[in-house]
Amino acid sequence: MHLRRKLVAGNWKMNGSLAALAELGPVADAARAAGGVDVAICPPFTLIAPAVTRAGGAIAIGAQDCHAHESGAHTGCVAVGMLKEAGAKLVITGHSERRADQHETDAEVRAKAEAALRGGLLTIVCVGETDAERRAGSHVGRVTTMLAGSLPEDWEEGELVVAYEPVWAIGTGNVATPADVAEMHKAIRTHLVGRFGDRGNRIRILYGGSVKADNAAELFAVADVDGALVGGASLTAAAFVPIVEAAAG
Ligand code: 13P
């Protein structure tokens, strides 16, 4: 068996509705048929519990954020225990939209990731450079700095996953080239192995940013691409199922 199973995770962002959960039926069918691929969907908080019912175990349902604390006076926030009670199996932390809109720092992302892992969740920590950083040639250094600050030092439970999502590729249609992705995923793997030893070889690294049916296979063929974090193309089964199928090879 390959060292790392592919994971295809959809991030619905602030999209979706109870009616939209009908999309999960064909995705669940595709996930069962694909075999050998892990499939996940992260809808808004309010849809997690009904999505779990709809997914019927074939799709892991997760959240797009969590709080670092177990409970307390944090109006509007949601704790890991609450996510688990709703049936979530995973959580995304440090998405670039939260780093930008909610001003989340590496230290906050790390505290959230630690809380999520402590709770036994699969935890996708997102990193990625801006267009200006790439143009300046500082993209690898920037992402390495983000990894250094955002990843937990040690964890016993859960599973740590890294998502490389260049900010300039998110929602723009400007997918990174296989060469760009290869360079960055190699650098991320080097960081992970340097820091966590052989455990770093088992951490899945996802690519995210304008992944679609027509570019997925090419991206999945790149070394150290262990799956995808998909935004817009995860909102409908018609767009998402071909990506799941591409991951199955
Ligand atoms: P798009 O696939 O819409 O570019 O979004 C990527 C993303 O941000 C997933 O978390």
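In the P(r) worked out for region 176-249, what percent of Cα pairs fall beyond 18 Å? Value for region 176-249 (Cα pairs over 18 Å): 40 percent.
Computed 3J(HN,Hα) for region 39-55, one whole-Hz value per residue from the Karplus formula 6.51 cos²θ - 1.76 cosθ + 1.60 where θ = phi - 60°, is 10, 9, 9, 10, x, x, 3, 5, 9, 4, 4, x, 5, 4, 4, 5, 6, glycine and proline marked x. The value given for the chain is a Kirkwood hydrodynamic radius of 17.8 Å, derived from the mean inverse Cα-Cα separation. Per-residue ellipticity at 222 nm from helix content only, as computed over the chain with -39500 (n - 2.57) for each DSSP H run of at least four residues, stands at -12000 deg cm²/dmol. Taking the protein heavy atoms of the chain in the context of the full set of protein chains, the accessible area attributed to carbon and sulfur is 55 percent at 1.4 Å. With just the Cα atoms defining each centre, how far is region 1-34 from region 72-116? Give it in Å. Centre-to-centre (Cα) distance: 21 Å. Looking at the chain, the accessible area is 43 square angstrom per residue; that uses a 1.4 Å probe and ignores ligands, DNA and RNA.
The values are calculated or read from the model by the stated rules, or taken from the named source; none is laboratory data. All values reported here derive from a predicted model rather than from experimental measurement. Side chains are part of the model used for accessible areas, which takes the heavy atoms of the whole protein and leaves out ligands, DNA and RNA. Shrake-Rupley method; radii C 1.70, N 1.55, O 1.52, S 1.80 Å.
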